[in-house]
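Engineer: Here it is: the structure, laid out below.
The values are calculated or read from the model by the stated rules, or taken from the named source; none is laboratory data. Remember, it's a predicted structure, so these values are computed and weren't measured experimentally. Positions of Cβ are backbone-derived with ideal geometry, glycine not excepted, and every protein chain shown enters the neighbour counts.
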Amino acid sequence: MVFNACMKHKLVRKSVREFAEAELGPIAHEIDREARFPLEVVEKMRSLNFFGLQVPKKYGGAAADSISYAIAVEEISRVSGAMGLCITVHNSVGIYPILKYGTEEQKQRFVPKLARGEHIGAFCLTEANAGSDAGGVETNAVRDGDGYVINGTKIFVTNGGVCSTPLIFAVTNPDKPGRSASVFIVEKGTPGFSVGEIEDLCGMRANPVSSLFFEDCRVPKENLLGAEGDGLKIGLNALDTGRIGIGAQAVGIAQAALEASVKYSKERQQFRKPIASFQSIQNLLADMATEIDAARLLVYRACAAKDAGLDFGKEAAMAKLYASTVASRVTGNAMQIHGGYGYSREYDVERFFRDAKVTEIYEGTSEVQRMVISKAILTEPI
Amino acid sequence: MRAGDTTKMLKMIVCIKQVPMVSELPWDPKTGVLTRDAAEGMMNPACKSALEAALRLKEEHNGQITAITMGPPMAMEVLHEALAMGADRCLMLSDPKMAGADTQVTSFTLARAIEIFCSDYDLILCGCHTSDSETAQVGPQIAEELDIPSAAYVENLSVKGKTIRIERIADHFLETLEMDLPGLVTVTTGHFTPRYIPIGGLQDAFGEPNILTVGAHDLSLDENTIGLKGSPTKILEVFSSTAGKKNVVLTGAPKKIVEELFKRFDDTIGSVIRKDLKAVK
Amino acid sequence: MERKKRSIWVFGDYRNYFQNRVTLQLISRANDLAKIIGAEVCVTVFGHDTDEWVGEYIAHGAMKVYVCDHPDLKFYSNDVYITLMERLVRRYEPEILLVGATTFGREFAPRLAKRLKTGLTADCIGLDINEDGILIQTAPAFGGNLLTKIVTPERRPQMATVRPGTFQEIPHNYHATGEIVPVPLPEDLPKDRIRLISSERQPSREQKLEDAAVVVCGGRGMGSRKKFKNLYELARVLGGEVGATRPVVYSKWAEDETLVGQADKHIKPKVLFSFGISGAIQHTAGIKDAGFIIAVNKNPNAVMMKMADVAIVADAGQVCTALIRELKKRIRS
């Protein structure tokens, strides 16, 4: 049984699973192999609100609660981690900052197209010399008349190859500690904005992760999100929501690995018995299942905190830290259970293994999550 | 004709059944008996196609869809699903007294509910059969109960005024029929592939769901006329169709298995393909 | 008052006579049942120019035929036929009424049963009489995975629709005699609420897969498109056809035409090879009429394996290859 808080969440899971298994299931293996972003499925996902999961109705979204959102990401990721990644990044760090910090004019201008999936969103913080340390960002935006001129290079941008309105984290005032950076919405087609080669990554290969280049890229001041200097605040807040999504993604990948392992261990015979009859395998499966459920509950708790309007930074970090650790461990164990077949690229398990690893790295590494968590508990009143 | 004239609105009723989702039946390998209770429920595929047909008519005409189901409280799920797909309102018939109904009594109960709660319908749509009991009887029997015409196994349909144009394949004949409304059709899964459920639709379906739940009392039905008590047919026994099979299990290396297969069943296979499959000396 | 002789009735469904022998099959089974309960076997024929069918039914075992022959009955009509049948049943009170599970029968019988306020069992694949003289009706459920035995203990007639091909017809006997009872067309028949605009005989479609004696079905368990292609070679060696499950067709390992399942093709091979198919109901509903089933799957607990006569627990692709090799060795030119 998969934990469902109520009938709505059960139906969300059922509906997304039906879609994912029918539309993504048959191609998940192939799009990973060919590193192909499946536009034909994206087209179908648009009308089903996958690109505006939590966007209010008035901007054309589904207005879903956070647990529904997490379930949707989980179920897409259960079939294709790379497409789960596309959805979660688009919805969390690609749209949420505009909804939270944008002006009404900016929301009207950018959100409906994003919510309908006509535009795909992205968030660009990481650079050659910056990642977990946002202070190392070198991309800069210089005020020039009624606009800004952006220069710099962003790397490892999820959805980079297909994004239309990426949010760019850039330094506007290097002399103001804590308020040195700002976030800009850059539209595709703006002169000076170009997309680099698609990265050749270990996992999440169907997602067009790429570099983005900005050379004297001029954006109007109306594209500044929030106020000048709000960059860090917006960035950190975006990452908090992003972590819920990555946690959900990790749970989905782990769930797929568990299901494959249960199935395989019942089929695979050794010493004239299914390997599921051996206690060593049973122990592995028991731990995998327990850890996945625990991770899932942590993700849903962060969702509930967010929907209740509470601070959820620590909860999101815990969910992301634990879920990604579990995903890595569970997919590794799944490979162990599958033996040689698990190591074969004909089977899905090695894809789960490759996809799971990066959940410990992006949207803040596990080490950064521990910083966030420990900082929170050390400053909380006793 | 004025805009918003509700008399012009095509009023549809879709009857939906929740059936067990049985992709892997939980069998008892020793007795061959299956445990139905363990299965998750789902909207019967043909019912979903009937709903899809109604949704397409609704998009084409100015339409309104009422989805009805009869079942235990957990069957409420298929009504939420129907709302999420685009139904306008729902009627849930749920009462322990209604349990165990055969088709005769199920159609009787549904027809009474339709007469009481949504009698101004133009078209009733049902799935052509259910994946669990597979009787394909409830649809035509509702029509008989309501004294309206019916057409089963409908592949395609279009509404023109107070009639409906139907295409179906009946016993190797491609038939085009015209039926007076109000009427009832049962729809096949062939042409009306159901749409996926949008997440936004699901959120709305649980916001302020337009679902009316009624029991036997609300329909003024005597408990002796409904459920198991009122049903003329009785089920004596349910058993696995495979229980009678010998079910020989072969394991080992593929080559050995294949040799064993022919050793035992060369005649069975050989007689069908009209070849002598005895081992070559 | 004259005591009515017990009777078992069969609805004479003569459309597509040459393909559809279900009426003859039912007359045959009705004869078996009639012997047990001491009844006569009667058939009803509604239509126009029906002499040929009446003769056929008598030649195949009908003892009495109620015939309503009139130009107005030229086309099958639910509303009219139900009213005619209802009146005859009320008048002669048969014990049992059997209807072939054709498209028409499946629509006609439920409404008739409703009007007669009696029970109806759908799509039976077995009919017997128990010690109390009650008709035991065996009907499939869950895509043929389950069978149910159903009775109508009190209401009469006991009604069932029966799947074509369930029973063997009695061979044609030119010397058979039967009583023909003409039924006048009532004047107060209902006006038909459905009008037939056109009815075209479907050009007899290629039904190679549906009619094949041997079918090789494959599922996702075949592993890859390349391995799936081996099934075609196996089918060729066996002189059979290839069928596929929905996931396989979605993955483009096989053509749409090979789809076997509930909403797709229904097959009835004498021997069915099933490779790497778990047995989702959407698929098994399409193979419920298969004879001898050989299933290959790594999972011994798959539904398909439970349905099989021979369940081979092994890699589907490898067994397919081994089978081709062994068959080629055994089939001498």
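Engineer: Residue B:204 fails exactly one of the following numbered conditions: (1) under 24 Å from the mean Cα position of the chain (by Cα); (2) in contact (Cβ under 8 Å) with a residue 60 or more places away in the chain; (3) within 14 Å of chain A (Cβ to nearest Cβ). What is the number of that condition?
Structural biologist: Failed condition: (1).
Engineer: Among the numbered conditions (1) more than 25 Å from residue C:142 (Cα to Cα); (2) surrounded by fewer than 20 Cβ atoms within 10 Å (Cβ to Cβ), tell me where residue B:112 comes up short.
Structural biologist: (2)
Engineer: Evaluate the following for residue B:240: is it touching a residue at least 12 places away in the same chain (Cβ under 8 Å) and farther than 29 Å from residue B:113 by Cα?
Structural biologist: yes
Engineer: A follow-up question, please. Search segment A:366-379 for residues that are not small (Gly, Ala, Ser) and pair each with any residue that is not in a helix (DSSP H, G or I) when their beta-carbon atoms are under 8 Å apart and the residues are at least 6 apart or on different chains.
Structural biologist: A:367/A:132; A:368/A:132; A:372/A:364
Engineer: Is it the case that some residue within segment C:90-109 is small (Gly, Ala, Ser) and more than 26 Å from residue C:200 (Cβ to Cβ)?
Structural biologist: no
Engineer: From the set of residues in segment B:144-180 that are within 7 Å of chain C (Cβ to nearest Cβ) and in a helix (DSSP H, G or I), which is nearest to residue B:108 (Cα to Cα)?
Structural biologist: So the residue we want is B:145.
Engineer: Working only within segment B:200-211, note down all residues that are polar (S, T, N, Q) and buried (at least 18 other Cβ atoms within 10 Å of the Cβ).
Structural biologist: Passing the criteria: only B:203.
Engineer: Being in a helix (DSSP H, G or I) and among the charged types (D, E, K, R) is true for just one of A:311, A:287. Which residue is that?
Structural biologist: Only one candidate qualifies: A:287.
Engineer: Residues to consider are B:136, B:82; find the one that is assigned by TED's automatic domain parsing to the domain that holds residue B:199, modelled with pLDDT of 95 or more and among the hydrophobic types (A, V, I, L, M, F, W, C).
Structural biologist: Selected residue: B:82, the only one of B:136, B:82 that is assigned by TED's automatic domain parsing to the domain that holds residue B:199, modelled with pLDDT of 95 or more and among the hydrophobic types (A, V, I, L, M, F, W, C).
Engineer: I need the full set of residues from segment A:10-51 which are assigned to a loop (DSSP other than H, G, I, E, B), more than 23 Å from residue C:282 (Cβ to Cβ) and facing chain B (nearest Cβ under 8 Å), in order please.
Structural biologist: Listed by number, the residues that qualify are A:49, A:50.
Engineer: Next question. How many of the residues in segment C:148-162 are surrounded by fewer than 22 Cβ atoms within 10 Å (Cβ to Cβ) and not acidic (Asp, Glu)?
Structural biologist: 6
Engineer: If you go through segment C:56-98 one residue at a time, how many are surrounded by fewer than 17 Cβ atoms within 10 Å (Cβ to Cβ) and without any contact (Cβ under 8 Å) to a residue 60 or more places away in the chain?
Structural biologist: Counting residues in segment C:56-98 that are surrounded by fewer than 17 Cβ atoms within 10 Å (Cβ to Cβ) and without any contact (Cβ under 8 Å) to a residue 60 or more places away in the chain gives 5.
Engineer: Got a sec? Which of B:197, B:226 is within 14 Å of chain A (Cβ to nearest Cβ), among the β-branched types (Val, Ile, Thr) and crowded, with 21+ Cβ neighbours inside 10 Å?
Structural biologist: Unique residue meeting the criteria: B:197.
Engineer: Can I ask one more? What single numbered condition from (1) within 30 Å of residue A:68 (Cα to Cα); (2) away from chain A (no Cβ under 14 Å); (3) among the aliphatic types (A, V, I, L, M); (4) part of a loop (DSSP other than H, G, I, E, B) fails to hold for residue B:277?
Structural biologist: Every listed condition holds for residue B:277 apart from (1).
Engineer: Please give the number of the condition residue A:44 fails out of (1) free of Cβ contacts under 8 Å to residues at least 60 places away in the same chain; (2) within 19 Å of residue A:241 (Cβ to Cβ).
Structural biologist: Every listed condition holds for residue A:44 apart from (2).
Engineer: Could you please let me know if residue C:316 is at pLDDT 90 or above, out of contact with any Asp or Glu (no Cβ under 7 Å at 6 or more places or on another chain) and within 14 Å of chain A (Cβ to nearest Cβ)?
Structural biologist: yes
Engineer: Now for a different question. Within segment C:142-173, work out how many residues are basic (Lys, Arg) and facing chain B (nearest Cβ under 7 Å).
Structural biologist: Residues in segment C:142-173 being basic (Lys, Arg) and facing chain B (nearest Cβ under 7 Å): 2 in total.
Engineer: What strands (runs of 3 or more DSSP E) lie completely within segment B:181-245 and have 3 or more residues being over 27 Å from residue B:134 (Cβ atoms)?
Structural biologist: Strands (runs of 3 or more DSSP E) meeting the threshold: B:211-214.
Engineer: Could I ask something else about it? Quick check on residue C:129: is it more than 8 Å from chain B (Cβ to nearest Cβ), more than 22 Å from residue B:171 (Cβ to Cβ) and either crowded, with 20+ Cβ neighbours inside 10 Å or modelled with pLDDT under 95 (or both)?
Structural biologist: The answer is yes for residue C:129.
Engineer: Criterion first (at pLDDT 95 or above, away from every other protein chain (no Cβ under 12 Å), surrounded by fewer than 20 Cβ atoms within 10 Å (Cβ to Cβ) and on the phi < 0 side of the Ramachandran plot) does residue A:88 satisfy it?
Structural biologist: Taking the combined requirement at face value, the residue does not satisfy it.
Engineer: If you don't mind, another one. Does residue B:238 satisfy the condition of being within 7 Å of chain C (Cβ to nearest Cβ) and at pLDDT below 85?
Structural biologist: yes
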